[in-house]
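Visitor: Just passing along the structure, written as structure tokens.
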Amino acid sequence: MGCDVGISSEQTPETTLDWIDNGFTGGGGDDFYVGPSSSNPQNDIGGGGDNLNNIPPYGGGPVWITKYVQDPNPPGCYIPGGPISTIDTDPCPTTPIGHWETYQLNVPDISPKITDPCIEKNKIKTLLSTSFIKNKNDSLAVTTSLNEQGADIKLKNWLSPATGYMNTGISTSTSSIEWTPNFTWDATHGYSVGITHFHPGGSGPSPTDIYKMLLNLRNSNLMNDNSGGPGAALQYYKDNATLTVVTHDAKYVVTVKDWSGLYKYFSDYLIAHPYDPSPLYAMNVAFAQGGTTTTDAPAFELLKMFGPYINLYKATDADPTNFLPMGLTANTNDITTLNCNP
């Protein structure tokens, strides 16, 4: 037997999204295990130069990561390849030796949620017909601003949605290409379940808009809210989160149908661009340059990128309450409305 002497000094980040953002990697010969409990490490992601960006999600809630570290006064010897707490009491032939340390992570629940767009479109129609949201969208549709404008959609009480929405106002960005929402999850500021914002250039949602929906899953108040039962708040957000983009002649709505797939898409993209100072900007550039010959180029590009993970709906000014689900044609070279009555 031998001793694992690969010691790393990195601090464990809060969520797997932090690992993506910060490029957290192990060093030396570190051995890591990750699993849904402190005594159930399901995946050995150890070995020299461990890259923790690829840690799989386990359906949300606490996830435990366990790492072997050096003991100044070793009590025993580590058996390489053993489970989480395999420490041999026999003398170790080499020094130094160590022990396992376990860290608890709060990883967002990003288990798949598949939603039939032909059913969900009725929910979208009802939601956007709510007077509070409709008034926001109507105001945004006639704005003359050259910069983006938007409003947060926040419930007063997510456990009792019928109590209505917080009275959030429309704010104007200093940018013509980005508006920053203010996600909150508390009784004082409201429970964010969506945003609506104006695109002065007339395009639909962008990759950055989609990414912001995903980042909300790392909000500590949301992750730690167990008032409706363990994981209930996070599930409620996933089931009800909407992104609305308003232009002068149409409205677009995005919902997420596969949070796990969306997470992996961004994870893989960011990992593949480790030296790009702004990989999301590069993604937006690629998004903006494609689909110029289609009938709705931005929506077409959005579905090419994220089609397996999102539902996209569009209503025109000619029929403002009829939100039709969008999809790609059979040869995927154009965008079309989905046939919900085959």
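The values are calculated or read from the model by the stated rules, or taken from the named source; none is laboratory data. Source: prediction; values computed, not measured. Virtual Cβ from ideal backbone geometry, glycine too; neighbours counted across all protein chains shown.
Visitor: Test each condition in (1) at pLDDT 80 or above; (2) crowded, with 16+ Cβ neighbours inside 10 Å for residue 339 and report the one that comes out false.
Guide: (2)
Visitor: A follow-up question, please. Collect the residues in segment 155-176 that are surrounded by 14 or more Cβ atoms within 10 Å (Cβ to Cβ) and not in a loop (DSSP other than H, G, I, E, B), keeping them in residue-number order.
Guide: Those that are surrounded by 14 or more Cβ atoms within 10 Å (Cβ to Cβ) and not in a loop (DSSP other than H, G, I, E, B): 155, 161, 165, 171, 172.
Visitor: Go through the residues of segment 193-215 one by one and say whether even a single one is farther than 15 Å from residue 265 by Cα, surrounded by fewer than 21 Cβ atoms within 10 Å (Cβ to Cβ) and of a type in the set (Lys, Arg).
Guide: no
Visitor: Related question: Taking the condition closer than 16 Å to residue 194 by Cβ, in contact with a Gly (Cβ under 9 Å, 6 or more places away or on another chain) and basic (Lys, Arg), does residue 134 pass?
Guide: Details: closer than 16 Å to residue 194 by Cβ: yes; in contact with a Gly (Cβ under 9 Å, 6 or more places away or on another chain): no; basic (Lys, Arg): yes.
It is false that residue 134 is closer than 16 Å to residue 194 by Cβ, in contact with a Gly (Cβ under 9 Å, 6 or more places away or on another chain) and basic (Lys, Arg).
Visitor: Just the residues that are touching a residue at least 40 places away in the same chain (Cβ under 8 Å), of a type in the set (A, V, I, L, M, F, W, C) and closer than 19 Å to residue 184 by Cα, please, taken from segment 136-170.
Guide: Residues satisfying the conditions are 151, 153, 158, 159.
Visitor: Tally up the residues in segment 142-181 that are of a type in the set (Ser, Thr, Tyr) and within 20 Å of the chain's Cα centre (by Cα), please.
Guide: Within segment 142-181, the first condition is being of a type in the set (Ser, Thr, Tyr), and the residues that meet it are 143-145, 160, 163, 165, 168, 171-176, 180.
Remaining after also requiring within 20 Å of the chain's Cα centre (by Cα): 180.
Final tally of qualifying residues: 1.
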